[in-house]
Amino acid sequence: MSNIGSYEKRLEDFDWSIAEKELDYKSGDDINIGWYCSDRICEMGKADKPALIWEGLGGVEKQYTFNDVRLRSNTIASFLKDLGVKTEDRVCLFMDKIPELYIGFVGILKLGAVAQPLFSAFGDDSLHVRLDNAQTTAIITQRKHVSKVRKILDQMPYVKHIILVDYDGSKPLREREIAFNMDEAEQVENFKSFPTKAESPSVLHYTSGTTGQPKGVKHVHYSLISQYLTTKWVLDLQDNDIYWCTADPGWVTGTSYGIIGPWSLGITQCVLDTGFSAESWYKFIEKRKVTMWYSAPTAIRSLMKAGDEIIKQYDLSSLRHLASVGEPLNAEAVIWSEKVFGKAFLDTYWQTETGSMMLTNYPGMKIKPGSMGKPFPGITATILDTKTFEPINETGKPGLIGFKPDWPAMMRTYWRNEETFQKKFENGWYLPGDRAYIDQDGYYWFIGRDDDVINTGGHLISPFEVESALLEHEAVAESAVVAKPDEVNMEVVKAFVTLKPGFVADDDLELKIMNFIRKKLSPLAMPQEIEYRDSLPKTRSGKIMRRVLHAQEWGEEVGDISTLEDD
Amino acid sequence: MEDMKEVILEYVIEEYCDEENDDVTFETPLISGGIVDSFSMVSLKRFLENKYKISIPDADASPEAFDTVNKIEVLVKRFL
C-alpha cells in the first residue's frame, strides 16, 4: 500500500495540518529543519539507523547513522558559532557531493544561519555574483575548489571565513582560511538548535531568469511541512527504503528531496559522488539495493542511450519506485523505464521557487506517459490566459501555469530583490514561467517556457548572463544566446557572435570562447555551439532579437519582424 | 609527431584541473571521477576534433570512451 493511498480521497479532506500533526508542530512553535532531520529522528528511536551511505571514487565508502548526523551537525554548528557566525548569516556550501555537504547543511540550519548551497562546478564569476548578492559570511569548501574562491577573495570583504573540510597540511592555509575535519573533530554531544520560527530564513538557492543577475530564492523553515509530505506521498518513502536522489544539493532538488525530505522522515539515503556512467549507476543500485530512485530526465535519456543490454548485467530487482524531476520527462523515457525496470518513472514538476512538488504523478494513479500529472493536494493550480491572466476553463487550451501562493514551501522573496519577486505574480497567481494545458481528465501537459531561459539538463541558464560573459571575451563584439534542441539534455546553450576586427572566425577561436565561458560561469552555461555571424538581427532601436534566432534553431515561424532593422 | 597521450593529458590538466588536483595520469578516471563533467566533455571532444582534424560522431562520444586519456587515445585513433 502506498503512503498516499487514493489521490482522489486525499483531495477531499486535505489540509497541511496533516503534516504539522505528524511532525508534532503547532502554529507558533519553534521549527528548525536541522533539528527535525537529526535530533528528532534520534528521539524517535532511530539513532542507530543509517542516515547516509556515501560512496566516492574507487568505491571509497562512508556511513553515518542518524546519531552520527546529529553529533556531526552539532559539531559543525558549534564550530561556526565559535567563529562568530550568527543567526541568519549566510553560509555557503561549495563542495562536491561529500558527506560534509549533507551534514554541514543540517548544522548550518541548527545554528539558525542560512544555508547557501552552490554548485561546485561554478566558475569564479558565477560564484562571485551569488556570494555578493547574499553577502555571505562563511564558505565551506574543499581543496579542489578553493582556488576559485581565492581568485575573487579580494572583492569579497564580507566573507570572513573559508572553511576547508579536507585540509591535509601540505600547503599553508591562506588569508581567512581555516581547517575543519568533520569526522576527526571532537564531537559535540549537546547543541541546542536555534529556536527558529516558521518564517525564519533557512535556505538560499540561486536561479536564473531571462534578464538580470541570478536571483537568490529565499526559503523558510516552514517549508519543511510541504517537503515532508510530498516526500512521503509522492516519493512514497517507507521506513525500510534505501533512497537514492541523484541531484546535487547545489540545486534545490538536492536539498528539498536530497536532505530535508528523506531525513525528516528518518529514511536511509545513499549518495554516489562520482561522475555519470550507466555502468557505475547500475552497479550502485545493485550494490546498495536501492529501492526508491529519484533522478532527472537527462540522466534517464543518457541511460536509454547506453542501451538495454547493459541492464541485463545487473540485478536491479530492489527498485520498487522511480520518479523524475528537472525538465519534462518525455513519453518515450516513461515507456522505456516500464519496459526495462518494470516500473515507470513518475514525472514531478516544481522549481526552485516553489520549494516542493506542485504537479506530479502519484503511486497508484494512472500514468499518461509525457504528462506532468496532477496538482499535489493543497495546491491550487490552473492554466491562465496569457493576456488577461484569468483561468482558462477550456480543456486543451494552452496558457500559463498559475499557482495560488499558499503552500508552505513557496519562496518568500528573492534575496535583496523584492521588485523582481513581485513581478512573478498576476491576479493573485504565482507564475512559474511555463506554459501548459489541461486535458479532459485533469492531467497537465507541458508545452514550454514562457521566456528565453534555457533549461539544460534540468538547470536553468540565463541567456543574459552568458551573453554578458561572452562580451568580456576579447574577440566578441556582439552576442546572442538561445536554446538549441538536444536529444539528451532537452536544450543546450547556443551562442551567436560577431567578432571584433582582427579576429578570425575559426574552430580554434570557437573552442577558446567555449572554455572561457565554462571557466567563468560553469560547464552548464558553456555554449555547445557558437555560430559566427556578420551581424545579429536587431530591432530598429538596436535591441538584439533573440527570438528570431530561437525560431531559426527550433524550425519555428519567426513571427512579427516588423521592428527588425533593415540590413 | 607529438605523443598523443601527452598532448591530451596536458590539455586535460591545463583546462580541467587546478593546482589542487593536477595529479592526473593516463589512467585517471576523468568522467566517472568527476574531473570532466558531461557538459565539459563537449569542449574536450571539440579540442580533439580540432587538433587531429577528425570528426567524432556523437554516438561514439560516450562517457565511457572519454573516461581516461588512454581510452581517449584509442577513440581518436579510430577516426584518424
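The values are calculated or read from the model by the stated rules, or taken from the named source; none is laboratory data. Everything quoted here is computed from the prediction, not taken from an experiment. No Cβ is skipped: glycine too gets one built from the backbone with ideal geometry, and neighbour counts run over all protein chains shown.
Hey, can you tell me all the residues within segment A:1-51 that are surrounded by 14 or more Cβ atoms within 10 Å (Cβ to Cβ) and of a type in the set (A, V, I, L, M)?
A:4, A:18, A:19, A:23, A:31, A:33, A:41, A:47, A:51
I'm told residue B:24 meets every condition in (1) more than 10 Å from every other protein chain (Cβ to nearest Cβ); (2) part of a helix (DSSP H, G or I); (3) buried (at least 18 other Cβ atoms within 10 Å of the Cβ) except one. Can you identify the failing condition by its number?
Answer for residue B:24: the failing condition is (2).
Looking at segment A:332-388, which of its residues are assigned to a strand (DSSP E or B) and small (Gly, Ala, Ser)?
Once the filter is applied, which keeps residues that are assigned to a strand (DSSP E or B) and small (Gly, Ala, Ser), segment A:332-388 yields A:373, A:381.
Would you mind finding the one in A:106, A:114 that is among the hydrophobic types (A, V, I, L, M, F, W, C), away from every other protein chain (no Cβ under 14 Å) and over 25 Å from residue A:65 (Cβ atoms)?
A:114
Taking segment A:258-271, which residues are within 17 Å of the chain's Cα centre (by Cα) and in contact (Cβ under 8 Å) with a residue 40 or more places away in the chain?
A:258, A:259, A:260, A:271
Which condition breaks for residue B:34 when tested against (1) in a loop (DSSP other than H, G, I, E, B); (2) touching a residue at least 24 places away in the same chain (Cβ under 8 Å)?
(2)
Here's a check for you: in segment A:277-312, which residue that is assigned to a loop (DSSP other than H, G, I, E, B) and buried (at least 19 other Cβ atoms within 10 Å of the Cβ) is nearest to the other protein chains (Cβ to nearest Cβ)?
It comes out as A:277.
Checking residue A:229 against (1) over 21 Å from residue A:116 (Cβ atoms); (2) in contact with a Phe, Trp or Tyr (Cβ under 9 Å, 6 or more places away or on another chain); (3) not in a helix (DSSP H, G or I), which test does it fail?
It is condition (3) that residue A:229 fails.
Name every residue in segment A:313-327 that is part of a loop (DSSP other than H, G, I, E, B) and under 20 Å from residue A:291 (Cβ atoms), in order of residue number.
If the condition is that a residue be part of a loop (DSSP other than H, G, I, E, B) and under 20 Å from residue A:291 (Cβ atoms), then A:314, A:315, A:316, A:317, A:318, A:319, A:320, A:325 are the ones that fit.
Residue check: is residue A:274 within 13 Å of chain B (Cβ to nearest Cβ) and in a loop (DSSP other than H, G, I, E, B)?
yes
Counting only residues that are out of contact with any Gly (no Cβ under 7 Å at 6 or more places or on another chain) and of a type in the set (D, E, K, R), give me the strands (runs of 3 or more DSSP E) lying completely in segment A:54-167 with at least 1 of them.
Ranges flagged: A:61-65, A:90-94.
Give me a count of the residues in segment A:117-128 that are away from every other protein chain (no Cβ under 14 Å) and either out of contact with any Pro (no Cβ under 6 Å at 6 or more places or on another chain) or surrounded by fewer than 24 Cβ atoms within 10 Å (Cβ to Cβ) (or both).
Qualifying residue count for the region: 3.
Restricting attention to segment B:35-51, does a residue exist that is within 12 Å of chain A (Cβ to nearest Cβ), surrounded by fewer than 19 Cβ atoms within 10 Å (Cβ to Cβ) and either over 30 Å from residue A:145 (Cβ atoms) or touching an Asp or Glu at 6+ places or on another chain (Cβ under 6 Å) (or both)?
The answer is yes, given that some residue of segment B:35-51 is within 12 Å of chain A (Cβ to nearest Cβ), surrounded by fewer than 19 Cβ atoms within 10 Å (Cβ to Cβ) and either over 30 Å from residue A:145 (Cβ atoms) or touching an Asp or Glu at 6+ places or on another chain (Cβ under 6 Å) (or both).
Any chance you could count how many residues in segment A:248-271 are more than 14 Å from every other protein chain (Cβ to nearest Cβ) and under 18 Å from residue B:32 (Cα atoms)?
The total comes to 1.
Starting from segment A:513-530, keep only residues that are within 7 Å of another protein chain (Cβ to nearest Cβ) and farther than 23 Å from residue A:94 by Cα, then list their pairs with residues that are basic (Lys, Arg) and not in a helix (DSSP H, G or I) whose Cβ atoms are within a distance under 8 Å, requiring at least 6 positions of separation or different chains.
A:528/A:484; A:528/A:494
Out of curiosity, is residue A:555 at positive phi, at pLDDT below 95 and surrounded by fewer than 20 Cβ atoms within 10 Å (Cβ to Cβ)?
yes
Could you check how many residues of segment A:526-552 are under 21 Å from the mean Cα position of the chain (by Cα) and more than 11 Å from residue A:482 (Cα to Cα)?
Matching residues across segment A:526-552 total 1.
Among (1) assigned to a strand (DSSP E or B); (2) within 14 Å of chain B (Cβ to nearest Cβ), where does residue A:481 come up short?
Of (1) assigned to a strand (DSSP E or B); (2) within 14 Å of chain B (Cβ to nearest Cβ), only one is false for residue A:481: (2).
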